[in-house]
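Below you'll find the structure, written out as structure tokens, and then a few comments.
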Amino acid sequence: MNIDNANAKYTKITKKEKYSLLHLAVQSGSLDSVQYLLYKMGNSYLKFRSKDGATVHHLAAARGHDHILEYLLANKNSKLIQRLKDITGSTPAHDAAENGKWKGFLNLLKNQSLMLDWPKKIYKRANK
């Protein structure tokens, strides 16, 4: 598939995780690819979730790709998306904190006042 011809019908390209092209670009840490895909496919692509409910914000935060997270957060559609929870109940801020990615965590907090309702798995880990 030529990336220039990519569109929404190609959103679920991996079988196991059901990652989109944008998820894969974020996971790889390639800001150029993320920018290109959003340019070609539009901002509505930010709302796509993987099989486990993760948005691209979750991946960028969890992997510590701060340069990508900053770019995503600058998007006007990010305010609502950064509040979305995955199937475990985690927001991107939770994922950043759980993985020790403090710059991303603070960036998420700075961009929007988030009420952090910590999932049980993080609470149990913190209180062992």
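Annotations
- Potential lengthening of the chain between HIS67 and ILE87 amounts to 4.7 nm, from the contour at 0.36 nm per residue minus the alpha-carbon distance.
- Exposure proxy ranking, count of Cβ atoms within 10 Å, fewest first, for ILE87, ILE81, ILE68: ILE87, ILE81, ILE68
- Shown here: segment 27-87, whose C-alpha atoms stretch 29, 23, 20 Å along the first, second and third principal axes, sorted largest to smallest.
- Gain upon complete extension [ASN75, ASN99; 0.36 nm per residue less C-alpha separation]: 6.3 nm
Each reported figure results from applying straightforward, stated rules to the coordinates on display, with no laboratory input. Because the structure is predicted, anything quoted here is derived from the model rather than measured. Virtual Cβ from ideal backbone geometry, glycine too; neighbours counted across all protein chains shown.
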